[in-house]
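This is the structure, below, for whatever I ask next.
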């Protein structure tokens, strides 16, 4: 149990006692009660809104209720002072010993410090889901990292997580892939195919696919009608592209639990099943869409289509789930896919590119209908990344087909740099990725700054051993107020995990680690001017042991946070 959860339990005990005393009405909903650091550190160490959120239901004045809660909290040995502020906020200052005890808890908890309890909800996170038509490019990278870090964050917070990739293998783009592979197949058999025709995928990444097809089938399909080879080449090419995509994602340390095929979904009749389910509840009807706004095209004519009543769930209008030719619309297929996902999860999260923002409302409406409002569904939009080198745009890759591959970027700057950098801004904010800046050894580069803090902790351990300084016996009473301030920041980690998981924002972990690293570096740098403030004091083994224990606690938090981000905590730089 961490300090924040412990004090949440203390406040719960106080509220129970007030119920027993008849001050509070039994059964009042306490879920909105929080324990967190005050926005202004000068107000104390912890704050609770208990009186503010319970007073109305209890029919009490918030400040009067706060005074009663504060009086009970003041009796605790680990509380130095309690103050009621404003209309009823309660601020607490804890004893120094309580922070020393929390430092012990960090070391004892180790990799599990801040981890939530198991047995919570099952969350399905679908991310990447790039069309299986080529290697991963940097347009996919940010969503891949955000989704993977969010999955790890939710797991750390105590949820069961399913990482899913939706393979769009039923649309026209995979037919184009098959035709492109057929071109490379003919090329592999000795034909001079010349320049890749407009409309086909030009990248050299299909050359190995063509060679594989040539080895497997020989010249059998060189002059054959498209109908004879299209489905076969589509299956082979999609499988090859998926292997390429999986290999690219592995370079980032990303592995999905489940790959769901759109083609298999449709072959299994899942869209028809979803339509039937909705029709039975009068949520799909046959109707005619209004004419397009503005100037109506000459060839437009009203066509009766099956329409989903998405306007009942906050969308701008009802949406067709089939085209006039009877094929499923993208929305109709996606609706069925989300219906399938919801069968095995309590919550759904989709990580989408920002260019899909216009379809968010209709999918949210579909999930609300299909789950009868029981399944939480979030869509996280991820903005594109602009690649720069020394401030100049990066040139495209001809081999890849006019885009920069994820693999090339990872091989140049490393997995950790890519992953950390992608989490240094909110996912819905624009981002520049400058190859020169992301490897810069400076405070302005958060990747370096956080990893350097961990490397400094590791160096302290080595230097203490080399100097034969005995650190076995630790007396944490030697740590003073300034040093305990670092413990207070480190102890916020469980709360940061909790709030980041609740808001679905893994970038909060990166922001927090940067602040923690900055505080550690600041304490370290004090020793440059004041030798008595250094972590290693050859003439005072007891104080050195206490400070090393503090550094180890900070290092543990950095390791835990970087683990969520999928970044290695290096020991040397």
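Hey, residue 421 hits all of (1) more than 21 Å from the chain's Cα centre (by Cα); (2) under 22 Å from residue 245 (Cα atoms); (3) crowded, with 21+ Cβ neighbours inside 10 Å but one; which does it fall short on?
Just one mismatch for residue 421, condition (1).
Which fully enclosed helices (runs of 4 or more DSSP H) of segment 378-484 have 3 or more residues being in the same structural domain as residue 502 (by TED's automatic domain parsing)?
Working: elements: 406-413, 415-422, 446-466.
Qualifying helices (runs of 4 or more DSSP H): 446-466.
Modelled with pLDDT under 95, more than 34 Å from the chain's Cα centre (by Cα) and crowded, with 17+ Cβ neighbours inside 10 Å - does that describe any residue in segment 33-47?
no
Also, quick follow-up: Can you list the strands (runs of 3 or more DSSP E) found entirely within segment 254-334 that contain at least 2 residues being in contact (Cβ under 8 Å) with a residue 60 or more places away in the chain?
Per the criteria, 258-261.
When you check residue 178 against the structure, is it assigned to a loop (DSSP other than H, G, I, E, B), touching a residue at least 40 places away in the same chain (Cβ under 8 Å), surrounded by 14 or more Cβ atoms within 10 Å (Cβ to Cβ) and touching a helix residue (DSSP H, G or I) at 6+ places or on another chain (Cβ under 8 Å), yes or no?
no
Only one of these conditions is not met by residue 480: (1) closer than 24 Å to residue 1 by Cα; (2) free of Cβ contacts under 8 Å to residues at least 60 places away in the same chain. Which number is it?
Tallying (1) closer than 24 Å to residue 1 by Cα; (2) free of Cβ contacts under 8 Å to residues at least 60 places away in the same chain, residue 480 fails exactly one: (1).
Check 548, 516, 543, 537 and return the single one that is more than 19 Å from residue 37 (Cβ to Cβ) and under 34 Å from the mean Cα position of the chain (by Cα). Before you say what the answer is, go through the steps one by one.
Details: 516 fails: more than 19 Å from residue 37 (Cβ to Cβ); 543 fails: under 34 Å from the mean Cα position of the chain (by Cα); 537 fails: under 34 Å from the mean Cα position of the chain (by Cα).
Result of the check over 548, 516, 543, 537: 548.
Could you look through segment 133-159, keep only residues that are in a loop (DSSP other than H, G, I, E, B) and in contact with a strand residue (DSSP E or B) (Cβ under 6 Å, 6 or more places away or on another chain), and pick out the one that is nearest to residue 565 (Cα to Cα)?
159
Right, here's the next one. Looking at segment 2-34 only, could you name the residues that are closer than 25 Å to residue 494 by Cα and in contact (Cβ under 8 Å) with a residue 40 or more places away in the chain?
2, 3, 4, 5, 7, 10, 11, 14, 15, listed by residue number.
Test of understanding: among 87, 62, which residue is surrounded by 16 or more Cβ atoms within 10 Å (Cβ to Cβ), more than 30 Å from residue 545 (Cα to Cα) and free of Cβ contacts under 8 Å to residues at least 60 places away in the same chain?
62
The values are calculated or read from the model by the stated rules, or taken from the named source; none is laboratory data. Just so we're clear, the structure is a prediction, and the values are computed from it rather than from any experiment. Every residue, glycine among them, receives a Cβ derived from its backbone with ideal geometry; neighbour counts consider all protein chains shown.
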